[in-house]
Amino acid sequence: YSSDLHGAELIDSYVFNKAEYIRFNSTVGKYVGYTEHGVKNAETWNKGSELAQELGELERVCKPSADIDYSAILDKTGEQG
């Protein structure tokens with residue numbers, strides 16, 4: 001993301017036995033399955049409350065945390081924000 005967080009993106013991957021089977025990407029705005037099981041779960045999760053909850057995580061958790069992290073990095077580098 002840039003300093004204004006315009007390009008912030010949330011990616012939430014679900015992995016089993018080192019293989020990713022489903023992923024939520026905030027840019028895409030839905031779950032995408034990569035295996036037979038993942039495709040079935042993605043279809044179900046995209047219709048349920050899981051999608052609404054995941055869509056809110058970028059605003060609720062990621063952006064506020066990114067502001068704090070970005071400020072901490074600038075403090076260490078001596079740059080002005």
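Computed from the coordinates by the stated procedures, all read-outs in this text should not be read as laboratory data. None of the values given here were measured: they were computed from a predicted structure. As a convention, Cβ positions derive from the backbone with ideal geometry for all residues, glycine included, and neighbour counts pool all protein chains shown.
Numbers at a glance
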read-out: Whole-number percent relative contact order across the range 11-75, with pairs defined as alpha carbons under 8 Å at least 6 apart; value: 19 percent
read-out: The range 11-75: C-alpha gyration tensor shape, a/c 1.5 cut-off, then a/b vs b/c; value: oblate
read-out: Dipole of the range 11-75 [Lys/Arg +1, Asp/Glu -1 at C-beta], most positive-end residue of ALA66, THR44, THR27; value: THR44
